[in-house]
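Since the structure comes first, as structure tokens, the remarks are kept for the end.
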Amino acid sequence: MIIIMAVDALEYEKVEEFNCRNLKQKCYGKTDISEFSQPRTMVLWSSFMTGKNKEEEVLRKGDKEMWNITWGLEETLFSEFKSPVVLDLPGFNYDKKVHDKSRELLKKFFDAKDDEEKRKIRREYNNDAFEHHKKVKQDFLRAIKEKHDLVLGYFSIADVIGHLNFGNTTMMRMIYKELDEIAAEINSKGKLIILSDHGMKPIGVFGDHSSYGFWSTNFETKLRNPRITDFYDFIIELKRKQE
Ligand SMILES: [Zn+2]
């Protein structure tokens, strides 16, 4: 089984700072996303799953926030597999309602004038992110127990929580620990690739996307500073080697 833990905004420097051994696995490093004009979530995951730089196409086809983009199975690397499970991936089968709600709360937070109001909104925003995370985690762990040749779980919590709390080290340490524990639970179940679209950098207490991503594998690889589009062939080749 090939398992992909797709983690939005997993920051290389934080993985090091908090020494998340299970996220680092056997081989790990930064990805090179310098071919893209900006580190945009929808552009990067679209490019990952299709193996092509989709920036121009996403910007042209997408609405303002680009969240309406969906690629067909046959355009993605998932079509190479017999029984793939893909959970909540942007550009494929993301739960748009959940995303819309968190974006709306984010806007309300920045529009709010007084601190008590901001605290209330932040609480709701964080709670929603944790609730959604729990659901995806449950589905992910269940799918890994079943017989599939590919299981991909997309985890948005480091991105969503990071945007409002990246400067809160206690909270971010807790998020990274949670992700590290998921990696620990699954790293003996198959070939595990952990991949992020971009990282995150602090803007005061908040967070913004950084200009590289993160990758790791629980097996030896020749990858050094791979582009996110390199994983298309990499994963297909890994599958062939397993057959
Ligand atoms: Zn992202």
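The values are calculated or read from the model by the stated rules, or taken from the named source; none is laboratory data. The model shown is predicted, which means the values in this text are computed figures rather than measured ones. Positions of Cβ are generated from backbone atoms using ideal geometry, with glycine treated the same way; all protein chains shown enter the neighbour counts.
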**Report entry** Odd one out for residue 184 among (1) in contact with a strand residue (DSSP E or B) (Cβ under 7 Å, 6 or more places away or on another chain); (2) under 16 Å from residue 4 (Cα atoms); (3) in a helix (DSSP H, G or I)
**Finding:** (1)
Report task. For segment 112-121, state whether one or more residues are touching a helix residue (DSSP H, G or I) at 6+ places or on another chain (Cβ under 9 Å) and not in a helix (DSSP H, G or I). Result -> yes
Query - Those residues of segment 13-59 which are within 14 Å of the ligand (Cβ to nearest atom) and hydroxyl-bearing (Ser, Thr, Tyr), in sequence order - result: 31, 41, 46, 47
Query - Exclusive hit being in contact (Cβ under 8 Å) with a residue 24 or more places away in the chain, of a type in the set (A, V, I, L, M, F, W, C) and in a helix (DSSP H, G or I), set 152, 106 - result: 106
Query - Hits in segment 50-83 (condition: at pLDDT 95 or above, part of a loop (DSSP other than H, G, I, E, B) and either of a type in the set (Gly, Ala, Ser) or over 24 Å from residue 236 (Cα atoms) (or both)) - result: 51, 72, 83
Requested in this report: Could you list all residues from segment 59-96 that are free of Cβ contacts under 8 Å to residues at least 60 places away in the same chain, charged (D, E, K, R) and closer than 18 Å to residue 159 by Cα?
Outcome: 65, 95, 96
